1. State the number of residues belonging to the range A:76-115 that are touching a Phe, Trp or Tyr at 6+ places or on another chain (Cβ under 7 Å) and within 14 Å of A:Gln43 (Cα to Cα).
2. Restricting attention to the range A:116-126, does a residue exist that is touching a helix residue (DSSP H, G or I) at 6+ places or on another chain (Cβ under 7 Å) and assigned to a helix (DSSP H, G or I)?
3. If you go through the range B:230-259, how many residues are buried (at least 23 other Cβ atoms within 10 Å of the Cβ) and either outside the structural domain of B:Ala431 (by TED's automatic domain parsing) or within 13 Å of the chain's Cα centre (by Cα) (or both)?
4. Do we have any residue at all in the range B:115-128 that's within 21 Å of B:Val181 (Cβ to Cβ) and under 18 Å from the mean Cα position of the chain (by Cα)?
5. Go through the range B:136-154 and report how many residues are buried (at least 19 other Cβ atoms within 10 Å of the Cβ), part of a loop (DSSP other than H, G, I, E, B) and within 14 Å of another protein chain (Cβ to nearest Cβ).
6. Residue check: is B:Ile160 at pLDDT below 95 and over 25 Å from B:Ser270 (Cα atoms)?
7. Could you check A:Ala13 against (1) within 12 Å of chain B (Cβ to nearest Cβ); (2) among the small types (Gly, Ala, Ser); (3) under 27 Å from B:Val283 (Cα atoms); (4) in contact with a Gly (Cβ under 9 Å, 6 or more places away or on another chain) and say which number it fails?
8. As an exercise: evaluate A:Asp2 against (1) under 23 Å from B:Val372 (Cα atoms); (2) touching a helix residue (DSSP H, G or I) at 6+ places or on another chain (Cβ under 9 Å) and give the number of the one condition it does not meet.
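The values are calculated or read from the model by the stated rules, or taken from the named source; none is laboratory data. All values derive from a computational prediction rather than experimental measurement. Neighbour counts are summed over all protein chains in view; Cβ atoms, including those assigned to glycine, are modelled from backbone coordinates with ideal geometry.
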Amino acid sequence: MDAPRIVLGVIGADCHSVGNKILDAFFTEAGFHVVNLGVMVSQDEFLDAAIESNADAIFVSSLYGHGLIDCEGLRQKALERGLDRIILYVGGNLVVGKTPYEEVERKFKAMGFDRVFRPTVDLAAVAEMLRGDLGSRMN
Amino acid sequence: MAAKLLLSVDIGSTYTKGGLFAVEGEELSLVAREVLPTTVDDLARVFAEVREAVLAGRTGAVPPADVPVYWSSSARGGLKIAAVGLTPDLTLSVARLAATSAGGKVVRAFSYELSAEDLAELRSVEPDIVLFTGGTDGGNSRVVLHNAARLAELASPAVILYAGNRKVRDQVAGILRGREVATAANVMPEVGTIDIEPARDVVRRVFLERIVDGKGLSSVVAAAGREPLPTPLAVFELVRTIAERVPGWEDFALIDMGGATTDFYSHTKSFHGGDAVILRGLVEPTLKRTVEGDLGLRVSAEALVRSEGAFLESRLRAAGLDPAALQAYAADVSHRTGYLPEDERGRGFDRLLAAACVRAASLRHAGLLQRVFTPQGGFLVQRGKDLRHVKRLIGSGGFLAGSTDPSLLLEACAPGSDDPDTRHLVPEAPACYADAQYLIPLLGNLAADFPDAAARAAVAGLRPLTPHSHQRG
C-alpha cells in the first residue's frame, strides 16, 4: 500500500516555521508522504494541495493565537470541494489567553476537526492516532 | 575560405520575413533581408517569394537551392493548445505555463471534472493539442480518470498530451487508445514543484510530426527540406541561448508586440529569498513566456481598449484627447492588419496603444510583493516572478523594432499600483534595445545548430536606446 499522504502547513498570517519543519521531518521519517506548504497558508491552499495530491489528512498548525478565526469553515469548504473523507487535525497555541484545553478542543471539534492537539503533544502518539483514524476510515 | 550561407524564414500571420546569413566560424552576419505580406491561403507561395527575393544574386558560386533553410511559422493561429488541469491555482496554472513556454497559445483552460458542455466548448475552439494534466504523482486519480473518459469522446483531431499523475499514465493511455495520444512526465510531480521541460519537448515533437500538415505547412516542408518551429518556440530558445552564452545577459526580458498578441519572455531567477520575504504559490521558472491575446495593435486593438480602458483613458485625459476618438480608431484598425497610420494623430494613437500593451504585458508577467502585518511584525509576501533584477529589455515586433528612444519600453516599469503596501515586481531600470532589423525570430531558428553565433549575432544586431537620442539626420 502507498504511504498515507499528509498536507502540512501553518494557517493564516502565522509565520512560525520551526515547528512546521519539525513536523515535516518527523512524519516523513515515520513513513508518511508529506506535502509541506510551509507558513502563511490559506484555507484554499490547503485544499488545493490536498485535492491534487489525494491527501488522506490535513494537519493545520497555528501558533499565534488566531486559530479560531483562521480555521473557521475549513471543514465545510473541504466538503464543498469534494474532500468528503479528509481527516483534519489541528494543533498549536490555538487561542490567546488561558482558555482551558478542553474548551479549545470542544470548539475546534465543533468546527469539524477530528483531533485537536496541544503544542506539547508527543508526535509519535499523533502518528499512532493517525494510523488508527486512517484504518477506521477504510471501513 | 568562403563563408557558408544560411537562409532563415519566419512565416508570420501578417508578414513573412527572410534573412540570409553568412556563417564563418563562430560568427554569423546578416547578408540580406526581405519582408513580404503573408499569403495566408498559400504559405508555400510566400515562402518561395521570400526565398527568391533574399537569395537573388547573392549566393555566388552556390546554387540558391543548396543554401540550407531554417524556418518557423506562426501563421494560421499558431499552435493552439487547450489546457486541462485539476485545481486552477496548481496543475492548471502549471499547464498554462508549459503550453506558453512550448510556443503555444492557450485557447481555453478547464479545471476539475470536464462536463459535456466543456467538451463541446473544447471541440469548438479547435485546439491542435489538448494538454491534459491533473494530480501530483501518486495523487489524485479520480478526476484524472474521469477526464480521460470524457476526452476519449472528444470529436476532434486534436492530439491529447497527457502530462498528469504518473501513477495512472498507462490507464489514461489505455482509455484514450485509438486517439492521437502522447505522454510526458507530470508537469507538477509534487505540490509546488514545476517540471515543464518534458512536456515542452513533447509539444515540440507533436507539432513537427503531426500538426505541420494540418497548417498547410507540408508543402513548405517539402520546399525547405526541413521541419519548422513554432515562432514563439524559436524565440524562447534564442532567449535561453543568449542568457546562457552572452556575458552580461543573464537577466533580461524581451517583449514581442504584434497586431494580435503581445509576448513577454523573461530570463531571470524568479525568487531571491531574504529573511522577511515569504514566497506563496509556485516557484516560477527562470525562463518564462507569457502571451496575451487581448494585447495587440490591430486585430486585438478593440479588446485592448476594453481591458486597458482605465489606463488609456487617464493618458488621453492628461493629453486633452477624447477617449471616443481612440475607440473609433481601434475599431477601424482592428480589421486592417497591415495598416500603418499616415498622420500624426494615428501615430499618436498607435504609440498610446503600444504603451498600454507593454505596460499590461509586463504587469501580467511579473509577480507581486505585498507587505502584510502579522502579530509577529511586518512581512513581505511574494507571489509570482520577480523581474526587478532584469537588467536589459528588448523590444521586438514591427512597432517596437522601430523605436528610437526607450520611453515606450520603459512603460514595462510602470508601478501599476498606488497602494504603498503592494508592489508589482516589474523591471526597475533596464537598459533598452530595439530589435531594429527584426532578426530575433530568424536567429531563433538558427539557435539550435549555431548557438554561440546566433546568440552573439542577436545581441550585436540590437539598437541600444538611450533617452532623447533621436535618429541622426
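1. Final tally of qualifying residues: 4.
2. Yes, there is a match, as at least one residue in the range A:116-126 is touching a helix residue (DSSP H, G or I) at 6+ places or on another chain (Cβ under 7 Å) and assigned to a helix (DSSP H, G or I).
3. Final tally of qualifying residues: 15.
4. Looking for residues that are within 21 Å of B:Val181 (Cβ to Cβ) and under 18 Å from the mean Cα position of the chain (by Cα), one finds at least one in the range B:115-128, hence yes.
5. Of the residues in the range B:136-154, 4 are buried (at least 19 other Cβ atoms within 10 Å of the Cβ), part of a loop (DSSP other than H, G, I, E, B) and within 14 Å of another protein chain (Cβ to nearest Cβ).
6. Numbers: at pLDDT below 95: no; over 25 Å from B:Ser270 (Cα atoms): yes.
When the stated conditions are applied, B:Ile160 does not pass them.
7. Against the list (1) within 12 Å of chain B (Cβ to nearest Cβ); (2) among the small types (Gly, Ala, Ser); (3) under 27 Å from B:Val283 (Cα atoms); (4) in contact with a Gly (Cβ under 9 Å, 6 or more places away or on another chain), A:Ala13 comes up short only on (4).
8. Here A:Asp2 clears every test but (1).
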